[in-house]
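Working notes for the structure below.
The values are calculated or read from the model by the stated rules, or taken from the named source; none is laboratory data. Nothing here was measured: the structure is a model prediction, and the numbers come from that model. Cβ placement follows ideal geometry from the backbone for every residue including glycine, while neighbour counts extend to all protein chains displayed. Please note that ligands, DNA and RNA were not included when accessible areas were found on the heavy atoms of the full protein model with its side chains. Shrake-Rupley method; radii C 1.70, N 1.55, O 1.52, S 1.80 Å.
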Amino acid sequence: MDISIPGYGRLHLEHLVMDYNGTLAVDGRLIDGVRDALVELTKELSLHVLTADTFGKAASGLNGIPCKLSLLPEDDQQIRKRDYVTSLAAERTVSIGNGRNDQFMLKASALGIAVILAEGIATETLLASDVVCTSIIDALDLLRNPLRLTATLRS
């Protein structure tokens, strides 16, 4: 996925890295419409979900969606998420998250999208993002309709 944004730069995105709870799901349940949006995005991007799986429902929630699910241990999640993005090539990665443990991954990515859902958002993560959305569908639609990103990020 190539997106040219005047005054911001050119994005060559290959990977989408996402948090699960609070981002794709609320209380462990995938949000309506997320499945279809993610399946559509697999035509353009490889999908990765990083989670501590607080509610133990990530694998079943993502069943049938072509993505790599990585369950993270409780310690050093900020660092682990950042290192995962770096291992993929941060300059070709877009990430989406809301929690304090997502801030480093959003900052390291070529494009960091924060979402504010039922769980809220950690202030540090908000400040580390390039774009903020109040719906995960709106966040995914920025990638499905890249001119929306251009409208938001151009200078």
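Worth pointing out:
- Bridges between two residues of the chain, per DSSP, are antiparallel at a rate of about 25%.
- Each label point was placed 7 Å from the Cα along the Cα-to-Cβ direction; for Arg144 and Tyr8 their separation is 1.9 nm.
- Each of Thr42 and Asp76 was given a label point 7 Å from its Cα along the Cα-to-Cβ line. The distance between the two points is 3.2 nm.
- Take each peptide in 110-118, 139-147, 17-25, 39-47, count the other Cβ atoms within 10 Å of every residue, and average; sorted highest first, the result is 17-25, 110-118, 139-147, 39-47.
- Put simply, the C-alpha atoms of region 50-112 give a gyration tensor, and the ellipsoid matching it has half-axes of 20, 14, 10 Å, longest first.
- Of the accessible area of region 56-155, computed with a 1.4 Å probe over protein heavy atoms only, carbon and sulfur atoms account for 51 percent.
- P(r) weight above 15 Å for region 1-80, C-alpha pairs, percent: 60 percent
- With N the number of residues in region 9-129, Rg(Cα) / (2.2 N^0.38 Å) evaluates to 0.96.
- Summing charges over all other residues whose Cβ lies under 13 Å from the Cβ of Gln78, with Lys and Arg as +1 and Asp and Glu as -1, gives -2.
- One decimal place: the segment Ala151-Asp83 gains 21.5 nm when fully extended, by the rule 0.36 nm per residue minus the C-alpha distance.
- The chain - accessible surface per residue (Å², probe 1.4 Å): 46 Å²
- Taking a straight line from the alpha carbon of Lys107, these lysines sit under 24 Å away, with near neighbours fewer than eight places off in the same chain left out: Lys68, Lys81.
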